[in-house]
Amino acid sequence: MTNQKFKIPNLKFIEPLDRVAITVMLVLTALIGLLLFQGDGSAPRVRDFNWQDKQVGIEDNRFILTFNRPMNHSSVEANLQIAPPLPGKFSWAGRKMAYTLIAPAPYGTEYKVQLLEAKDRFASPEKGTPIQPFTSKFRTRDRAFVYLGVEGSEAGRLMLVNLSAPEPKPIALTPADLLVSDFKPYPDSGRILFSASDRRSPGQAALEQNIYTVTTGINPQSPGSQATNREPAGKIRLILDNKEYQNLKFDLSPDGKTIVVQRVNQRNPGDFGIWIVKMEQSDRPIAKPLQGQPGGDFLITPDSKALAIAQAEGLAIVPLEAPQDKPLDFLPKFGTVASFSRDGTQAAMVKFNTDYTRSLYLVTNQGIEKELLRITGTILSAQFDPTGQTLYCLLTKLISGEQYQEQPYIVAINVKTSEMKPLVVLPNQRQVQISLSPDGIALLFDQPATTPIPVGQQSDAPRTDSGEAVTSSSIWLLPVISAAPTEATPAQMQPEQLPLPGFRPRWLP
């Protein structure tokens, strides 16, 4: 067996190449380090701003700036300017910066966002290239509301007023032959759900109501929406007729996808209950009864997934998808729910006490039940402000005398301290309604004058919930401030009467 010979590499040939390769690697490493330390000389820039040229509403609580490279966080936060100012908090995720508003941006305002002199993460403070100057604008939705007219050709019709318009003139959304009784705006303000009867129909018009939608002509162009040009204002669509069932109270889910209606069979009054109406893919309304649930007073929860129903034993929270199942929660202490906070963590509930007084409770999802007030009068309504810190309430107090009379008044309650601040005292009648603006800075309320409709007499006048005819009414605007005043807090402003004869005003979202 012969010995195998192995060739030994020529070290003199390989070693110089290794030295060259190592030298090149070291030089490149040094250059890369120097580049990272000094920056690449080109200016960083904002690649995307999700609120650019958009109209934002109450549901839009933060905007996002996306950069083309990692940024120095402190330099961006120190140089970001918003005019008029909007207090908020910063958060980061890679190249994206989120600015979350502490309080809703006031409606009807245009804002300018500017970022100058910010630098990327690897730039030196002295030599780094500052960001390309960034300037953009966005605006909040118009300050608009709807109401029911009471005079002349506007009586009983749904009216729209845009206070942000150069000339805020009322626009009639519904035709003259429909007598509107109640309404609820959709969350995008593009449509309004309403109940109405034929003004020419004889008998009890309240029992002949159909459910419709009407377009407002408003197109807010919210961030992330795929909305195209809206249909013009005043386009009517029938949702539910009254051929087989009378349509009574109704509610619209916060996401605008579900309608809940209280209905009674025209031929069998014992067939009484709650129905769920949803739009199928064909955009055709499908109505089904809510099985296993009695037809008490109700309110859809903020997540649009459940219903708070008043029952003889208390309040039940039942799911809309499977109502025959066990309730999600049951609150035997309370009779009605006045409202929920926007995030769904709090609710204002009414308790009817054995001494004939009424209590307003704050109930949280953590199981806390705190009594905010106890009165001998009536708790007509309560609405949380957008932050959930203040509760605006419409209450009544008993007036001593031979006749039973209640005087309504409006208060603001700090839900943390239970401190109550009176805002305004109203004339002696119960038909007042209030509406808090979506940005939480103004209240609308009405002052209707009513008269009973004699039995058997026909009337095409607009009506209250109790069936009285509204003969005249005025609408008032009340700017509001925090319920927890400080030394720097200005005095509460006085209400202003608007030149609009109408009642039941409601802000658009």
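For the stretch 384-403, the candidate set comprises residues that are among the charged types (D, E, K, R) and without any contact (Cβ under 8 Å) to a residue 24 or more places away in the chain; within that set, the residue that is most open to solvent (accessible area, probe 1.4 Å) is GLU402. For the stretch 200-221, taking the residues that are buried (at least 19 other Cβ atoms within 10 Å of the Cβ) and part of a loop (DSSP other than H, G, I, E, B), the one that is modelled with the lowest pLDDT is identified as PRO220. From the list THR396, THR486, THR390, THR417, the lone residue that is out of contact with any strand residue (DSSP E or B) (no Cβ under 8 Å at 6 or more places or on another chain) and modelled with pLDDT of 90 or more is THR417.
Of the strands (runs of 3 or more DSSP E) entirely within the stretch 395-453, none holds at least 2 residues that are farther than 19 Å from TYR147 by Cα and among the acidic types (Asp, Glu).
Taking the criterion of being assigned to a loop (DSSP other than H, G, I, E, B) and surrounded by 13 or more Cβ atoms within 10 Å (Cβ to Cβ), the residues of the stretch 262-278 that qualify are GLN266, ASP271. Just checking, which of GLN492, GLN457 is modelled with pLDDT under 90 and under 21 Å from ALA196 (Cα atoms)? Just one listed residue meets the conditions, GLN457. For the stretch 63-91, filtering for residues that are loosely packed, with under 13 Cβ neighbours inside 10 Å and either closer than 16 Å to GLU117 by Cα or touching a helix residue (DSSP H, G or I) at 6+ places or on another chain (Cβ under 6 Å) (or both) leaves 3. Taking each residue of the stretch 51-78 that is farther than 18 Å from SER136 by Cα and outside any helix (DSSP H, G or I) and looking for partners that are at pLDDT 95 or above and open to solvent by 50 Å² or more (accessible area, probe 1.4 Å) with beta-carbon atoms closer than 8 Å, six or more apart or interchain, yields ARG69/ARG95; PRO70/ARG95; MET71/ARG95. Considering the stretch 100-155, and only residues there that are part of a strand (DSSP E or B) and under 16 Å from the mean Cα position of the chain (by Cα), the residue that is farthest from THR216 (Cα to Cα) turns out to be LEU101.
Here the stretch 313-345 is the region considered, the condition is being free of Cβ contacts under 8 Å to residues at least 12 places away in the same chain and surrounded by fewer than 17 Cβ atoms within 10 Å (Cβ to Cβ), and the residue that is nearest to the chain's Cα centre (by Cα) is ALA322.
The values are calculated or read from the model by the stated rules, or taken from the named source; none is laboratory data. What you see is a predicted model, and the numbers here were worked out from it, not measured in a lab. As a convention, Cβ positions derive from the backbone with ideal geometry for all residues, glycine included, and neighbour counts pool all protein chains shown. Each accessible area value is taken on the protein alone, full model and side chains, heavy atoms only, with ligands, DNA and RNA left out. Shrake-Rupley method; radii C 1.70, N 1.55, O 1.52, S 1.80 Å.
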